[in-house]
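The values are calculated or read from the model by the stated rules, or taken from the named source; none is laboratory data. The model shown is predicted, which means the values in this text are computed figures rather than measured ones. Cβ placement follows ideal geometry from the backbone for every residue including glycine, while neighbour counts extend to all protein chains displayed. For accessibility, only protein heavy atoms count, side chains too; no ligands or nucleic acids. Shrake-Rupley method; radii C 1.70, N 1.55, O 1.52, S 1.80 Å.
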Amino acid sequence: MSFATRFAPSPTGFLHLGHAFSALTASDAAREAGGRFLLRIEDIDQGRARPEFEAAIFEDLAWLGLAWEEPVRRQSEHMGAYQAALQSLIDRNLVYRCFRTRREVADAIASAPHGEAGDVFVGEALPPEDEAARLQAGESYAWRLSQKKARAALGPAYFALVFQDENGPVRAQPEKHGDVVLARKDFPTSYHLASVWDDALAGITHVIRGEDLRESAHLHVLLQKLLELPTPAYRHHRLILDETGKRLAKRDEAATLRRLRENGKTPEDVRGMLGLPLTEARTGRQG
Ligand code: GLU
């Protein structure tokens, strides 16, 4: 299978050096492998996503010299697909409705028997008549993945989930995530579900993203198994830090690509700042 990777930003702010590092690392890897590089707009959080940030993503990435395949997938346009994926989990009783508030979830975690589930939530469906009453009352809820049901459905395969990362094979430990929220009453998907679905749909063979998402792979591998999707290889790259050693965030305005550009930096300067091989060096090496 030919190499395919992607950069999947959320249009909730301007891209900064950290995003540039992710995008360039993925794009360089695709180029080196003679593979594909895709861009995906992860805008399911319509409360925070803004069109001007999306426009800026295209502009900033083009300025960096990146080229991606068209069409670009915009997740907000595919809610039906995520809903269908969720429905297949509902049909197999692998998810349950959780009516607890954030507070109640935190309390449940705090009072769980020591060591049972670490600091993650583990619960179960309400008895049908209680659930019916709450639905009747119009209460809101989250769809949570039941680790217990997943374990029962997969049997020994649950404990044999493996993925490759930059260090070799890793045994997935999805239970570390507890019963994660996969969707909400009025909202058919979470990042996890949409991202796993879209990576498979696009034929992504290598998910290249920051160290901060290393743990997510453990859950994503389980979702892939349950949804009968292939598991790609994972590569996690270091995070770009500010001068105080903290990970760059949206508030670090000075590190945004637009600000750097305004200040006269070139795309090659950005590569240099990130410790990436310069374009000339790369083309020289290749030919
Ligand atoms: N939208 C996610 C982010 O901006 C990307 C997650 C991923 O690459 O899977 O952090």
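Quick notes
- Mean accessible surface per residue for segment 157-248, computed with a 1.4 Å probe while every protein chain stays in place, in Å²: 44 Å²
- Spatial separation of Cα centroids for segment 202-258 and segment 43-90, in angstrom: 16 Å
- Residues of segment 1-147: accessible area per residue with a 1.4 Å probe, Å²: 51 Å²
- Gain in span if fully extended, residue 50 to residue 101, counting 0.36 nm per residue against the direct Cα distance: 15.6 nm
- Only lysines eight or more places from residue 250 in sequence, or on another chain, were considered; those with a Cα closer than 24 Å are 265.
- Excluding same-chain neighbours fewer than eight residues apart, the aspartates and glutamates reachable from residue 148 by a Cα-Cα span under 18 Å are 91, 116, 119, 124, 175, 179.
- Estimated distance in nm for a label pair at residue 166 and residue 84, the labels positioned 7 Å out from Cα along Cα-to-Cβ: 3.6 nm
- Anchor residue 149: lysines whose Cα lies under 18 Å away (excluding residues fewer than 8 positions away in-chain): 176, 225
- 10 Å Cβ shell holding at most 14 others, DSSP loop, GluC sites (Glu not before Pro): longest site-free stretch of the chain: 1-68
- In Å², nearest 10: area of residue 185 left accessible to a 1.4 Å probe: 80 Å²
- Calculated FRET efficiency, residue 74 to residue 33, Cβ-Cβ distance, R0 = 22 Å: about 0.30 to the nearest 0.05.
- The listed residues 22, 88, 2, once ranked by accessible area (1.4 Å probe) with the largest placed first, stand as 2, 88, 22.
- Solvent-accessible area of the chain (1.4 angstrom probe, protein heavy atoms only): carbon and sulfur portion equals 52 percent.
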